[in-house]
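Asks: Have a look at the structure that comes next, please.
The values are calculated or read from the model by the stated rules, or taken from the named source; none is laboratory data. These numbers come from a predicted model, not from an experiment. Glycine gets a Cβ as well: all are built from the backbone with ideal geometry, and neighbour counts include every protein chain shown. For the accessible areas, the whole protein counts, side chains as well, though only heavy atoms, and no ligand, DNA or RNA atoms are used. Shrake-Rupley method; radii C 1.70, N 1.55, O 1.52, S 1.80 Å.
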Amino acid sequence: NSFVQSSRTCGGTKISSPVCLQMQNNDDGSDEINPFLSAALAVALTTSLTLGSFAGPVMADTAASATQKYDGFAEYAKENQMEQSDVGCFINKCGDQTKNLFSNPRGIKGVSCLGRCKGEQSCATRCFAEFGSEDLDNWLSCTIEENECVKVPKNIDNSAENVGYSTAIKKFEPSSLVGKWYKTDGLNPNYDLFDCQTNTFDFSDDKKQEMDMGIFFRVRRPEEYGGGFWENSLTEHMVVDAKMPDEPNPTGRTMHTAGKMYGLKFNENWYIIGESDGDKDVPPFKLVAYKGHTLQGNYEGSFVYAKEPILPSAAVPAVREAAAKAGLDFDKFTRIDNTCPTTSKSLNDPSAGTGTSTTDWVDLVVGEGGVIDWVVPGWRGEYNK
């Protein structure tokens, strides 16, 4: 497939704009309904441009976006009813990324899946597990953060991230983290409770002030959609503030990480608020509390590391006490399922979602989270209810 930018009739629909998306037929005779998609995309863009002419300049700030502070993308979408997307930006500024993503139906399905989530994190994680790819990451980075083709909140209040924990261990030794740990219990269902979670740590510098963290977890597919799971393997880079006494650290954080995940920037502060090295008959554990933010908003949580898939009962009293001192209730933590059954096969499949029927194309364009939802957010009037 290829994208063409010109002033023409697309799929039978005349667009009075220099921006036109058309997917050419494949030479291999595949059964994707490209002519239909071309027409549907044209309708989406036409609708966007038409509504945009009544809404004023697409790029103009509204009073709400200019003055209000928001806790993230989901709240912004609900409170502000979203703003018109800059349709031309998808091609003029992110043309290569858009072409690469939309050349494969899997890419459109990923975008549609994320659109239905409306900023809800656990839903978005499932979308990335099923449809994630480098093309999707690059498209989100270009269209949302780098060029604001999709309008996002500009005045996010991240102050909650900078409120630390006074009980964080003052002289934490990062070498005690080296090796493999199981996440056994977690507090935040959106971030902490995925199945089969292991993290591995190793130093990445000679001064032993930075670490690479290997992340592995499973994401369940709901039973009503057939069950099963996707496996995810990621890497994050951690900076150990506890080993940098001369560097500013107003929150007293133990470690921090920043970077991009799934195409979007994130920042996260970690606090080790309890630990055991195995002495005094208390099995090894680390109790971690964290606070961070992405465009989807501020988030925080807490989890327990142990050397076994289930936190040993002998460690529970010490974990409970450390949590209480930090203002957390261990009774509100949930045990993570680290049984990792092998009775079913991982659903990970790079070719998944590449076959698409005519009905699928209709849903991907005008269905919830589809193409029109991205270029004309709230076109059904759902934000006016």
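Asks: Once amide H atoms are placed 1.01 Å from N in the peptide plane, what residues at a sequence separation of 5 or more from PHE229, or on another chain, have their amide H within under 5 Å of its amide H?
Replies: Here the answer is ARG221, LEU347, since their amide H atoms fall under 5 Å of that of PHE229.
Asks: Next question, about the same structure. What FRET efficiency, computed as 1/(1 + (r/R0)^6) with R0 = 22 Å and r the Cβ-Cβ distance, is obtained for ASP195 and TYR225, rounded to the nearest 0.05?
Replies: In this case the efficiency is close to 0.85.
Asks: How would THR334, THR198 rank on accessible area, largest to smallest, probe 1.4 Å?
Replies: Reading off the accessible areas and sorting them downward yields THR334, THR198.
Asks: Moving to a separate point now. Just to be sure I understand: if I project the alpha-carbon convex hull of the stretch 121-206 onto a plane and average over all orientations, what area do I get in nm²?
Replies: Taking the Cα atoms of the stretch 121-206, their convex hull projects to 9.3 nm² on average.
Asks: Provide SER166, SER112 ordered by accessible surface of protein heavy atoms (probe 1.4 Å), highest first.
Replies: Putting SER166, SER112 in descending order of accessible area: SER166, SER112.
Asks: Would you mind computing, in nm to one decimal, how far apart the modelled labels at ASP279 and GLU146 are, each placed 7 Å from Cα along Cα→Cβ?
Replies: 5.1
Asks: Something else about it: Of the cross-linked pairs LYS171/LYS207; LYS170/LYS332; LYS170/LYS207, which ones have a Cα-Cα span greater than 22 Å in the structure shown?
Replies: Correct reply: LYS170/LYS332.
Asks: Simple spin-label model, 7 Å along Cα-to-Cβ: ALA258 to LYS345 in nm?
Replies: Reported label-point gap for ALA258 and LYS345 is 4.4 nm.
Asks: Ordering LYS171, LYS207, LYS265, LYS286 from largest to smallest accessible area (1.4 angstrom probe), what's the sequence?
Replies: Ranking LYS171, LYS207, LYS265, LYS286 by accessible area, largest first, yields LYS171, LYS207, LYS265, LYS286.
Asks: What is the spread of the Cα atoms of the stretch 175-226 along each of their three principal axes, largest first, in whole Å?
Replies: Result for the stretch 175-226: principal-axis Cα extents of 50, 20, 15 Å.
Asks: Cα gyration tensor of the stretch 91-152, axes a ≥ b ≥ c as square roots of the eigenvalues: rounded (a/c below 1.5), prolate (a/b > b/c) or oblate?
Replies: Note, shape of the stretch 91-152 comes out oblate.
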